[in-house]
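Worksheet: one structure, shown below.
The values are calculated or read from the model by the stated rules, or taken from the named source; none is laboratory data. Predicted, not measured: the structure shown is a model, and the values here were computed from it. Note: ideal-geometry Cβ built from the backbone for every residue, glycine included; neighbour counts use all protein chains shown.
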Amino acid sequence: MYRFRFFGEKMEYISRCTADRVRSPLDILRSRANTFLEDPGPYLSSIGPCVEVAPYSSAQSCFNAASSWLSECLTSHTLCGEANPKILASRLIDVGDSNYEPFLNINPPDSGKYVSLTYCWGGSDFKTTSANLKHHSRQISYRTMPKTYQDAITICRRLRIRYLWIDALCIVQRNDETGEEGDWATESPRVPLIYQNATFTLAADAFGRILAKLNLNGRLVYVREQLGRQHNENSVCMRMPMTDVSRTDAITKRAWTLPEAIFSNRVLHYTSDEMVWDCNERRFCECGRTTIEVYETISFRIMRLPPENLKDKGFKDADLYRDWDDIVQLYSERTVGRPNDKLLALSKLAEKFNEILESYNISDTYLAGMWKKNMAKSLLWHVEDDDYRRNRDAGVVWSPLPSVDKRNNPTNMPPSWSWASMNAPVLMRPLLGFETAPDFEIIEATTKNVGSAKFGMVSSGQLRVKGRVIEGLRDRSALALFMRDDSRFSDSDYFGLFIGSVRWKQFDSNNYFGILLLQKVEGAYKRVGVSSRKIWANDGYHQKSFSKLLNNARVQVITII
């Protein structure tokens, strides 16, 4: 793969990714450039040296890079936390060195450096229980550890960090033979701060070994950081820059690992492509690409920075809720072992977000993954699947019924109006400039929690709302405004609830939004879809027709379950 950029009378060679180990990058550049330019000579002076990505993550160059990134962050970054914060973990693994076995330190120091590990447990049963706690406090056999644990210990040793925190070993787990529960209930509240206070979190993104050969199969990858900053430049790109860690890696598919990454001030990713460093101020990659303040425009940062720093950065109330929606959207792409755990895995993030709201003097109520003060917009989530994308790209706002049922088990699950009721990725509309319809009002919103956890699982819930209800939607033509969530509601009467609109000045259009309801019993409805209608400002006919539709709709008080 090759990447060139042309602007004015100048050309830049941006990157190469090829298995060709015989010809030099410059030779390849000359041959490729001739397809674009008759005489590449005048342009070659702008070409700098390429950066070589090691085909093995155990290469010394990888450890050198990781050490350099960590050192810069600890010494220069003011937003990434203390260099030697408090250690809140009850136990840490003392990794030692190759001369003696690691062991579980049950009396760790009050402060200092340590690494936390985020990974996929897989089928490993290697853990600390009441039966082996004493033995682990003397030694933990390196040879019998899972490969991921071995690699994490090796990385700590090479970077000269003495302590490592792995949840399966540092928290006493349930003993399946005796039924003893361990101390997860008392230790789990500390977990967010354990990740936040770690010197860095080691993310084993690719399932299996961290220090194994990457998917490059021993082939070198040459890359060149983007140089151009001019608006009139043109690019020929054959290797896309890496803006997120690999979405195909196992860790990015597991819901429980997202909070671990979000709470961490520094993360060292070992992906299937390359090694990547993320912190509150920078992103570094082996390929040489550097991004300043990578979290400036995404939601992770609000969970890490002190409230006063958020305010200094200009975060407003609306920004906070929009960032929560971003987290939900990313979280919904991941899977949990049991559908009932969907909100449980999100609970620590919800608890932290509530603390942030309180620091802004905002008192809000958490309801099945949503917040009451932002409920009108949050109700407009919709399932993202191939059917939706095809119709969106074709300019059709009604999506045909998905081929599979995407709604979770209807018993003891979140209410239909919550995105958590779906076993599928969802899109949370940003809807900048959204205005709630004058007739729409949330009168009451409640959920029934499972247990005493305020931010945990729910078994049911209901919304009592007032708004304009469009009745009698039955045939396909009448449903042209709506996208349904799943395939179980095909032969019933539908109702539309108008919620609000956005005026998009840049497109000179009005956009109207609502949800699709199915009546279950008199006065009680289930949310089964979402509606979207865009009308151009100069389209008087459709504007008049839609206004008539809304004006004829009765304002009603209904319950959504």
Taking the range 77-124 and keeping residues under 27 Å from the mean Cα position of the chain (by Cα), among the polar types (S, T, N, Q) and exposed (fewer than 13 other Cβ atoms within 10 Å of the Cβ) leaves THR78
Out of (1) modelled with pLDDT of 90 or more; (2) small (Gly, Ala, Ser); (3) surrounded by 20 or more Cβ atoms within 10 Å (Cβ to Cβ), the one ALA131 does not meet is (3)
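With the requirement that a residue be loosely packed, with under 15 Cβ neighbours inside 10 Å and either farther than 21 Å from ALA376 by Cβ or among the charged types (D, E, K, R) (or both), what does the range 518-532 give you?
Residues of the range 518-532 that are loosely packed, with under 15 Cβ neighbours inside 10 Å, as a first pass: 520-524.
Scanning the range 518-532 gives LYS520, VAL521, GLU522.
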Among (1) over 31 Å from the mean Cα position of the chain (by Cα); (2) among the aromatic types (Phe, Trp, Tyr); (3) outside any helix (DSSP H, G or I), PHE546 falls short only on (3)
Exercise. Yes or no: SER501 touching a helix residue (DSSP H, G or I) at 6+ places or on another chain (Cβ under 9 Å) and in a strand (DSSP E or B)?
Worked result: no
Item to complete: Return yes when TYR163 is within 19 Å of ILE251 (Cβ to Cβ) and either buried (at least 22 other Cβ atoms within 10 Å of the Cβ) or modelled with pLDDT of 95 or more (or both) and no when it is not.
Response: no
Reported set for the range 504-543 where residues are under 30 Å from the mean Cα position of the chain (by Cα) and of a type in the set (S, T, N, Q) is GLN506, ASN511, SER531, SER532
message: So for the range 135-150 (the condition being under 22 Å from PHE263 (Cβ atoms) and not polar (S, T, N, Q)), does at least one residue qualify?
response: yes
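When you check ALA185 against the structure, is it in the same structural domain as PRO259 (by TED's automatic domain parsing) and within 21 Å of VAL95 (Cβ to Cβ), yes or no?
Working: in the same structural domain as PRO259 (by TED's automatic domain parsing): yes; within 21 Å of VAL95 (Cβ to Cβ): no.
So ALA185 does not fit the description; no.
Pick out, from the range 298-413, the helices (runs of 4 or more DSSP H) lying fully within it that include 1 or more residues that are at pLDDT below 80, surrounded by fewer than 15 Cβ atoms within 10 Å (Cβ to Cβ) and more than 23 Å from the chain's Cα centre (by Cα). Working first, answer last.
Working: elements: 307-312, 317-332, 347-359, 375-378, 386-393.
Passing ranges, in order: 307-312, 386-393.
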